[in-house]
Amino acid sequence: MTIGQVAQLWRYPVKSLGGGQVEHAELGPRGVLGDRLWAVRDLERDVTASARQLPVLLTATARYVGPVSADAGPGNVPEVEITFPDGTVVSSSDDGVHAKLSELAGRDVRLTALPPAEDTSLHKLTSAERSETMSPAFLRAAFGVADDEKLPDLSMVRVSDMVNFARYSTPPGMFVDLAPVHVLSTTSLATIGAEISSDVDVRRFRPNVLLALDNPDDELPESHWTGARVVLGEAVLDVMMPTIRCVVPSRAQPGFDVDRRITKAVAVRAQRCLGVYCGVDSGGTVRVGDDVAVRPVGVGRKAIADAARRTKRLTFGLLTGATERLSR
């Protein structure tokens with residue numbers, strides 16, 4: 001049954017930089033064709049940079065110079081142009097792009113293309129970064145959690161993804177944080193806007209797919225879709241988990257300033273989650289205006305998932321509590 005339409009499609013050529021809307025997108029195992037095929041490398045920390053640590057990256061915008069070929073991907077990355085806050089436009093083919101990005105970031109960084117899938121050198125964390133990434137202090141800063149607040153419930157994250165978090169800055173073969181596709185509804189966006197009595201620009205949440213639902217039965221409708229499949233255009237998405245929100249939506253981007261109310265509103269109204277992370281069950285072309293349908297998760301599958309999540313919640317709670325006590 002159709003529940004709505006595809007309102008917008010977004011592609012972000014460079015991780016943590018602004019992207020742009022497209023009228024149609026090809027979806028495959030790595031998500032939207034051309035999405036995050038570039039990233040900024042922090043040379044001092046020897047890690048792929050994120051807007052969580054370098055929020056100024058969000059003030060620059062990237063676009064592809066020409067059409068993205070069907071075979072674009074790891075080891076085959078097309079040229080991009082980056083527009084900086086001062087209006088300067090620099091191509092990835094210009095060696096000066098690294099100096100310009102370093103000037104923006106205030107530290108030594110380098111624009112890097114996604115390497116072949118078997119090359120994990122740009123994904124691996126150093127031992128120091130691994131220790132920091134799993135520390136309570138890092139998690140609190142990343143999610144905007146005060147010392148007297150609980151850390152987000154991570155039991156929704158798959159064990160395999162938690163293992164990857166401990167080893168890699170991004171999954172090998174991709175420059176996304178976790179999942180190939182991020183889906184958000186205009187209903188959920190409006191719910192957060194109502195919480196702060198202000199419209200919220202969709203760019204703050206950086207979805208790949210924005211859905212307009214016809215008759216949503218909840219103010220956060222996609223939060224109930226975990227385990228379901230979403231059909232849009234020729235593609236079918238497998239909903240993996242709600243999207244746990246970090247501090248990035250509160251950061252400044254071209255056209256709007258820092259707004260810390262957003263992080264608080266998502267925490268209070270949506271338990272720090274907004275939108276859903278999806279894998280691609282079957283790929284194909286998706287266009288703005290395409291109908292959207294949701295195939296709900298079976299009762300048996302949901303029961304198994306709920307039991308597994310309860311076990312993980314207990315385990316993560318014990319580990320987090322022990323780590324916080326040891327770190328004091």
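Say each of S198 and R110 gets a label point 7 Å from the Cα, pointing the same way as Cα to Cβ; how far apart are those two points in nm?
About 4.0 nm, to one decimal.
How much accessible area does S282 have with a 1.4 Å probe, in Å² rounded to the nearest 10?
50
Distance in nm between label sites at E23 and F84, each 7 Å beyond Cα in the beta-carbon direction?
Placing both labels 7 Å beyond Cα along the Cβ direction yields 3.3 nm.
So, how do all the Cα-to-Cα distances of the stretch 104-209 break down into 5 Å bins, in percent, from 0 on up?
Going from the shortest bin to the longest, the percentages are 2, 9, 13, 17, 21, 18, 12, 6, 2, 0.
Distance in nm between label sites at S91 and R63, each 7 Å beyond Cα in the beta-carbon direction?
That separation, rounded to one decimal, is 1.6 nm.
For the chain, calculate the relative contact order in percent as a whole number, restricting contacts to Cα pairs under 8 Å that are 6 or more residues apart. Display every interim value, and only then the final one.
Values: 664 pairs, mean separation 78.6, N = 328.
Contact order relative to length: 24 percent.
How big is the chain by Rg and Dmax over its Cα atoms, in Å?
Spelled out, the Cα radius of gyration and Dmax of the chain are 19.2, 56 Å.
Amide H to amide H, which residues 5 or more places from V47 or on other chains are under 5 Å from it, using H placed in the peptide plane?
Under 5 Å from the amide H of V47: D42.
Write down the radius of gyration of the stretch 183-269 and its Dmax, each obtained from C-alpha positions, in Å.
In Å, with Rg to one decimal and Dmax whole: 13.4, 38.
Kirkwood hydrodynamic radius, the stretch 29-168, all distinct C-alpha pairs: what's the number in Å? Could the numbers behind the result be given before it?
Values: mean 1/r = 0.0592 Å⁻¹.
That comes to 16.9 Å for the stretch 29-168.
So if the hydrodynamic radius of the stretch 57-121 is defined as the Kirkwood radius over C-alpha pairs, what does Stokes-Einstein give as its diffusion coefficient at 20 °C and 1.002 mPa s, in µm² per second? Walk me through the intermediate numbers first.
Working: Rh = 12.9 Å.
Rounded, D is 166 µm²/s.
Can you give me the solvent accessible area of I3 with a 1.4 Å probe, rounded to the nearest 10 Å²?
Only protein atoms counted, so the area is about 40 Å².
Would you pull out the residues with amide H under 5 Å of L211's amide H, same chain only if 5 or more places away, H placed 1.01 Å from N?
HN-HN under 5 Å from L211: A7, L184, S185, T186.
When the Karplus curve 6.51 cos²θ - 1.76 cosθ + 1.60 is applied with θ = phi - 60°, which whole-Hz ³J(HN,Hα) does each residue of the stretch 89-98 get, with x for Gly and Pro?
Each residue of the stretch 89-98 in turn: 10, 10, 7, 5, 7, 8, 4, x, 5, 5 Hz.
Could you compute the FRET efficiency for K124 and R261, with r as their C-beta to C-beta distance and R0 at 41 Å, rounded to 0.05? Can you show the working numbers first?
Values: r = 37 Å, r/R0 = 0.89.
So, using R0 = 41 Å, E works out to roughly 0.65.
Mind giving me the FRET efficiency for V56 and M1? R0 is 45 Å, r the Cβ-Cβ distance, nearest 0.05 is fine. Intermediate values should be presented prior to the final figure.
Details: r = 44 Å, r/R0 = 0.99.
E between V56 and M1, to the nearest 0.05, is 0.50.
So how exposed is D46, as accessible area in Å² (1.4 Å probe, rounded to 10)?
Approximately 80 Å² for this residue.
Can you give the accessible area per residue of the chain, in Å², using a 1.4 Å probe? The partial results should precede the final answer.
Numbers: 15170 Å² over 328 residues.
Normalised by residue count, the accessible surface of the chain is 46 Å².
How much length would be gained if the chain were fully extended between L43 and T285, taking 0.36 nm per residue of separation minus their Cα-Cα distance, in nm to one decimal? Each step should come with its number before you reach the end.
Working: separation 242, 0.36 × 242 = 87.12 nm, distance 3.71 nm.
The L43-T285 span can extend by a further 83.4 nm.
The values are calculated or read from the model by the stated rules, or taken from the named source; none is laboratory data. Keep in mind that this is a model prediction, so the values were computed, not measured. Please note: Cβ atoms are built from the backbone with ideal geometry, for glycine as well, and neighbour counts cover all protein chains shown. All accessible areas refer to the heavy atoms of the entire protein, side chains included, with ligands and DNA or RNA removed. Shrake-Rupley method; radii C 1.70, N 1.55, O 1.52, S 1.80 Å.
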